[in-house]
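> One structure follows; several queries about it will come next.
The values are calculated or read from the model by the stated rules, or taken from the named source; none is laboratory data. Predicted model only: the values in this text are computed from it and were never measured. Cβ coordinates were reconstructed from backbone atoms using ideal geometry, including for glycine residues, and neighbour counts include every protein chain displayed. Surface areas here come from the heavy atoms of the whole protein model, side chains and all, with no ligands, DNA or RNA. Shrake-Rupley method; radii C 1.70, N 1.55, O 1.52, S 1.80 Å.
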Amino acid sequence: SLPAPVELAAYRIVQESVTNALKHATPGEVTVRLDRTPGGPLILVVTSPYGTRRGPGGARVPGSGAGLTGMRERAALLGGVCDAGPADGPDGTVWRVRATLPATEEAPPT
């Protein structure tokens, strides 16, 4: 069981990551992994294909650029961290979002 603010932050980070993949990533698989050891933080990792979308206009839908900032702010409000960027994957470079969120009742409310 996780505190409600942590559950909500994790949900929204995954939601934004998948939305960004649909908007900006080249076609391919998106993976979502959640890890937590008893009493430890929740570690959330979302990976998607990395590269420039081909075709007219590049990205499917233009963005405001606030998605990554919003994910970082959500994590920080709980005392966690979130980073995003290119990373080495098993089949080449991927875009990775990684968030570490405290999973204790002491997490401050959002």
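> Could you list, ordered by first residue, the pairs with Cβ atoms under 6 Å in which the first is in region 77-103 and in contact (Cβ under 8 Å) with a residue 24 or more places away in the chain and part of a strand (DSSP E or B) and the second is exposed (fewer than 14 other Cβ atoms within 10 Å of the Cβ) and hydroxyl-bearing (Ser, Thr, Tyr), at least 6 apart or interchain?
What qualifies is Pro86/Thr93.
> Here's a follow-up. Looking only at region 43-68, how many residues end up being over 14 Å from Val94 (Cα atoms) and either of a type outside the set (A, V, I, L, M) or modelled with pLDDT of 95 or more (or both)?
Qualifying residue count, region 43-68: 13.
> Which residues, taken from region 36-54, are open to solvent by 50 Å² or more (accessible area, probe 1.4 Å) and farther than 11 Å from Leu101 by Cβ?
Thr37, Pro38, Gly39, Tyr50, Thr52, Arg54
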